[in-house]
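Visitor: Right, I'll just put the structure down here and ask away after.
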Amino acid sequence: MCEFFEISRSGYYAYVKRMDQPNKDKYLIELIEECQEKSKRTYGYRRVHIWLNRKYGIVINPKTVLRVMNQYNLLSQIRRRKKYRQMQQQL
């Protein structure tokens, strides 16, 4: 089967070994989701990192926060600015 999928035998067994381990980022995912709910998905990874440090005292690398946010689709939503003409017409 390893030849068919073109993977090494050691790679297959390493994958099988990892399947039994629980997700190490589960607690972090829940905290980031809480932060995104409170901020209405406006916080990026830098602000989420600061929020985790201030609220829970979690010292973690910002790149780890970015990796988890990318992996679980927790990134902020980009807000578009309204054009000047549209704002002037509304007034």
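Visitor: Under a point-charge model restricted to the Cβ atoms of Lys and Arg (+1) and Asp and Glu (-1), what is the dipole moment magnitude of the chain relative to its Cα centre, in debye to the nearest 20?
Guide: Charge dipole of the chain: 920 debye, to the nearest 20.
Visitor: Against the longest alpha carbon principal axis of the chain, how many degrees, from 0 to 90 and to the nearest 10, is the axis of helix 62-71 turned?
Guide: On a 0 to 90 degree scale, this one is about 80.
Visitor: GNM on the chain, C-alpha springs below 10 Å: top fluctuator among Gln77, Gln21, Gln36?
Guide: Its mean-square fluctuation being the largest, the pick is Gln21.
Visitor: A further question follows. So which of Lys40/Lys82; Lys24/Lys63; Lys17/Lys63 end up more than 21 Å apart by C-alpha?
Guide: With Cα atoms farther than 21 Å apart: Lys17/Lys63.
Visitor: Restricting to DSSP H runs of at least four residues, report the calculated mean residue ellipticity at 222 nm for the chain, -39500 (n - 2.57) per run over all residues, nearest 500 deg cm²/dmol.
Guide: -18000 deg cm²/dmol
Visitor: Taking only Cα atoms of the chain, what ratio of Rg to Rh do you get with Rh as the Kirkwood inverse-distance radius?
Guide: 1.25
Visitor: For the chain, what % of the accessible area comes from carbon and sulfur atoms, probe 1.4 Å?
Guide: Carbon and sulfur atoms account for 50 percent of the accessible area of the chain.
Visitor: Running Debye on the stretch 31-78 with equal point scatterers at the Cα sites and no solvent, what base-10 log of I(q)/I(0) appears at q = 0.17, 0.25, 0.28, 0.32 Å⁻¹?
Guide: -0.39, -0.87, -1.09, -1.37
Visitor: List the GluC sites (Glu not before Pro) within the chain that fall in a DSSP loop (any state other than H, G, I, E or B) and whose Cβ has at most 14 other Cβ atoms within 10 Å.
Guide: Here the sparse-neighbourhood loop sites are Glu6.
Visitor: Working from Cα positions, state the angle (0 to 90°, nearest 10) between the long axis of helix 9-19 and the longest principal axis of the chain.
Guide: Around 50 degrees separate the two axes.
Visitor: Still on this structure, please answer the following. With a cut-off of 8 Å between alpha carbons and a minimum separation of six or more residues, what is the relative contact order of the chain in percent?
Guide: Rounded, it is 26 percent for the chain.
Visitor: If you count only protein heavy atoms with a 1.4 Å probe, what accessible area per residue comes out for the chain, rounded to a whole Å²?
Guide: Ligands and nucleic acids excluded, the figure is 92 Å² per residue.
Visitor: Here's a follow-up. Reachable aspartates and glutamates from Lys38, Cα under 16 Å, same-chain residues fewer than 8 places away excluded?
Guide: Cα-Cα hits under 16 Å: Glu30.
Visitor: List the trypsin sites (Lys or Arg not before Pro) within the chain that fall in a DSSP loop (any state other than H, G, I, E or B) and whose Cβ has at most 10 other Cβ atoms within 10 Å.
Guide: Lys24, Lys40, Arg79, Arg80, Arg81, Lys82, Lys83
The values are calculated or read from the model by the stated rules, or taken from the named source; none is laboratory data. This structure is a prediction, so every number in the text was calculated from the model and none was measured. Cβ: placed from backbone, ideal geometry, glycine included. Neighbour counts: every protein chain shown. Side chains are part of the model used for accessible areas, which takes the heavy atoms of the whole protein and leaves out ligands, DNA and RNA. Shrake-Rupley method; radii C 1.70, N 1.55, O 1.52, S 1.80 Å.
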